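Colleague: For reference, the structure I am asking about is given below.
The values are calculated or read from the model by the stated rules, or taken from the named source; none is laboratory data. In this text, all values refer to a predicted model and were calculated from it rather than measured experimentally. Virtual Cβ from ideal backbone geometry, glycine too; neighbours counted across all protein chains shown.
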Amino acid sequence: MQEVASAVDHAELGRQRAREAVLSGAPEVAPVRAEIAASWRRVATVGVDPVGGAEIAPLAPGDLEHRRATSALGPLVPRLVQLLGPVVDAGQLVVVTDHDGRVLWRSGHSGVRRMADDLGFVDGSAWTEGNVGTNAIGTALVLGAPVSIKGAEHFVESHTRWGCAAAPIVDPWTGRTLGVVDVSGPSRGLHPAELALVEMAARVCSLELLEQHHAGLERLRAHAAPLLARVGGAALVVDQDGHLVAATGLPAPSRVTLPGNMAVGRIWLPTLGPAVADALPGGWLLRLDDDRDTPSPGAVEIDLAGTPEVRVTGAATSWRRGLSPRHAEILLSLADAGVAGRSAAALALDLFADDTRVVTVRAEMSRLRRDLGPVLLARPYRFAPGVDVRLLLPADRATLLPGSSAPVVVRLRG
């Protein structure tokens, strides 16, 4: 047992020496995991103070309750706490955040909760890289993957006595990250198996969400079948997220991107062109025009002055859609690149300060190109020729995408 403790102490000593070397600008004296080194570069560029505290205040009680009430994760929290019960019994803290990294729920004994309070790890706090430096919640949100951060792998000094393992909770139906499940506590008490445990808990939640969506799809299919049978011409029924329920008169895609301003009446769909939408319980009936040639969009407006949104307009086109933080960062990078565009490796540098994360970039670009249709091209990734790209930024550049640690965001804040 003493030998195990000695090995753990030796590993932590290596992490401490590496952290001190990086902060002082000296050559690294010990190897650092690639994802940790990239995170340190991101948060250093953002300007996080390694000896300071958080810059973003916790949510007001009313705002916190609103986020809890509207979060899709609320019904899943009891299940998460049950799955991670042994971790709580072992003296660790279970935390669930929203997609912004805001702490919505905490479960743990009073002792570890008080320790978390001393770190500012409280309900409503923003646990993003851009706010508190390298940590499992914020870094998992950036990478879109499970991650553990132990001891001196944290960037901020006060966190180096802490250990944490976190995994994003993804809605497999929409592809959206709903939040993060995290296990945290004193660094010496963090077991290596806890990363696998939180990853398993996040996957269980994703599967439960998928079952809920499938049940809703079956209800919509039963309701829509007689309506679709009476429609003349090409038409399809989709759920509220654009997943195909049924179609007639055309080879329909498995999923249709719906505009963010979806409403009854005439609409334009990125890959199918003009259509007329009728509301159904839990979805839409879309009747397509006979002439479905998709018009070329004339302008793309990327609005990052408030809630991130992209608007596509043209002679026969008017379409808008909200942007996830990651897609907002990507469009910001492509707008900054101009006609030259960005390779996958260059985008990875702009997003992660790590040009090896090209697989993640390509997956995100696939989703974004499905949403925006002919607006985006590949090899390199860029806006289509002739598209007028307009970028709306906040009057105070320092407030651009708050909480983001992406190098491209940091560059444009300046």
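Colleague: Being assigned to a loop (DSSP other than H, G, I, E, B) and farther than 16 Å from Gly163 by Cβ is the filter here, so list the residues in the stretch 98-109 that pass it. Give the derivation first.
Modeller: So in the stretch 98-109, the residues assigned to a loop (DSSP other than H, G, I, E, B) come out as 99-101, 108-109.
Answer for the stretch 98-109, where residues must be assigned to a loop (DSSP other than H, G, I, E, B) and farther than 16 Å from Gly163 by Cβ: His99, Asp100, Gly101, His109.
Colleague: From the list Ala193, Ala152, which residue is under 29 Å from Arg17 (Cα atoms), free of Cβ contacts under 8 Å to residues at least 12 places away in the same chain and more than 19 Å from the chain's Cα centre (by Cα)? Before the answer, list the steps.
Modeller: Working: Ala152 fails: free of Cβ contacts under 8 Å to residues at least 12 places away in the same chain.
Only one candidate qualifies: Ala193.
Colleague: Among what's in the stretch 186-200 and is surrounded by 18 or more Cβ atoms within 10 Å (Cβ to Cβ) and more than 12 Å from Leu84 (Cβ to Cβ), pick the residue that is modelled with the lowest pLDDT.
Modeller: Selected residue: Leu190.
Colleague: What residue, of Val112, Val142, Val204, Val122, is outside the structural domain of Pro325 (by TED's automatic domain parsing), outside any strand (DSSP E or B), over 20 Å from the mean Cα position of the chain (by Cα) and farther than 13 Å from Gln92 by Cβ?
Modeller: On the way: Val112 fails: farther than 13 Å from Gln92 by Cβ; Val142 fails: over 20 Å from the mean Cα position of the chain (by Cα); Val204 fails: over 20 Å from the mean Cα position of the chain (by Cα).
Every option except Val122 fails the conditions.
Colleague: What strands (runs of 3 or more DSSP E), lying completely within the stretch 269-323, carry at least 3 residues that are at pLDDT 90 or above?
Modeller: On the way: elements: 273-280, 283-288, 299-303, 309-314, 317-322.
Filter on the stretch 269-323 gives 273-280, 283-288, 299-303, 309-314.
Colleague: Then there is this: Among what's in the stretch 385-414 and is small (Gly, Ala, Ser), surrounded by fewer than 12 Cβ atoms within 10 Å (Cβ to Cβ) and within 27 Å of Arg357 (Cβ to Cβ), pick the residue that is modelled with the highest pLDDT.
Modeller: Let us first name the residues in the stretch 385-414 that are small (Gly, Ala, Ser), namely 386, 395, 398, 403-406, 414.
If we keep only those that are surrounded by fewer than 12 Cβ atoms within 10 Å (Cβ to Cβ) as well, we get 386, 395, 398, 414.
Checking which are within 27 Å of Arg357 (Cβ to Cβ) leaves us with 398, 414.
On the way: Ala398: 91, Gly414: 78.
Ranking the candidates gives Ala398 first.
Colleague: Would you point out the residue of the stretch 205-228, among those that are surrounded by fewer than 16 Cβ atoms within 10 Å (Cβ to Cβ) and in contact (Cβ under 8 Å) with a residue 60 or more places away in the chain, that is nearest to Cys164 (Cα to Cα)?
Modeller: Ranking the candidates gives Glu208 first.
Colleague: Going by what's in this entry, would Ala69 be described as part of a helix (DSSP H, G or I), under 30 Å from Thr307 (Cα atoms) and among the hydrophobic types (A, V, I, L, M, F, W, C)? Before the answer, list the steps.
Modeller: Values: part of a helix (DSSP H, G or I): yes; under 30 Å from Thr307 (Cα atoms): yes; among the hydrophobic types (A, V, I, L, M, F, W, C): yes.
Spelling it out, Ala69 is indeed part of a helix (DSSP H, G or I), under 30 Å from Thr307 (Cα atoms) and among the hydrophobic types (A, V, I, L, M, F, W, C).
Colleague: Within the stretch 350-372, is there a residue that is aromatic (Phe, Trp, Tyr), closer than 17 Å to Val43 by Cα and either at pLDDT 90 or above or part of a loop (DSSP other than H, G, I, E, B) (or both)? Break it down into steps so the answer makes sense when it comes.
Modeller: At the first step, the residues of the stretch 350-372 found to be aromatic (Phe, Trp, Tyr) are 352.
Imposing the further condition that a residue be closer than 17 Å to Val43 by Cα reduces the set to 352.
Among the residues that remain, those that are also either at pLDDT 90 or above or part of a loop (DSSP other than H, G, I, E, B) (or both) are: 352.
There is at least one residue in the stretch 350-372 that is aromatic (Phe, Trp, Tyr), closer than 17 Å to Val43 by Cα and either at pLDDT 90 or above or part of a loop (DSSP other than H, G, I, E, B) (or both).
Colleague: Given the conditions (1) under 21 Å from the mean Cα position of the chain (by Cα); (2) of a type outside the set (Val, Ile, Thr); (3) assigned to a loop (DSSP other than H, G, I, E, B), which single one is not true for Ala335?
Modeller: That leaves (3) as the condition not met.
Colleague: Okay, moving on. Of the conditions (1) in the same structural domain as Ala140 (by TED's automatic domain parsing); (2) more than 18 Å from Ser125 (Cα to Cα); (3) of a type outside the set (Val, Ile, Thr), Leu64 fails just one. Which one is it?
Modeller: Every listed condition holds for Leu64 apart from (2).
Colleague: Given the options Gly151, Gly130, Gly138, name the one that is closer than 22 Å to Leu349 by Cα, small (Gly, Ala, Ser) and at pLDDT below 95. Outline the logic, then answer.
Modeller: Working: Gly151 fails: closer than 22 Å to Leu349 by Cα; Gly138 fails: at pLDDT below 95.
Exactly one residue qualifies, and that residue is Gly130.
Colleague: Is one or more of the residues making up the stretch 293-311 loosely packed, with under 15 Cβ neighbours inside 10 Å, out of contact with any Lys or Arg (no Cβ under 7 Å at 6 or more places or on another chain) and acidic (Asp, Glu)?
Modeller: Within the stretch 293-311 (the criterion being loosely packed, with under 15 Cβ neighbours inside 10 Å, out of contact with any Lys or Arg (no Cβ under 7 Å at 6 or more places or on another chain) and acidic (Asp, Glu)), the answer is yes, since at least one residue qualifies.
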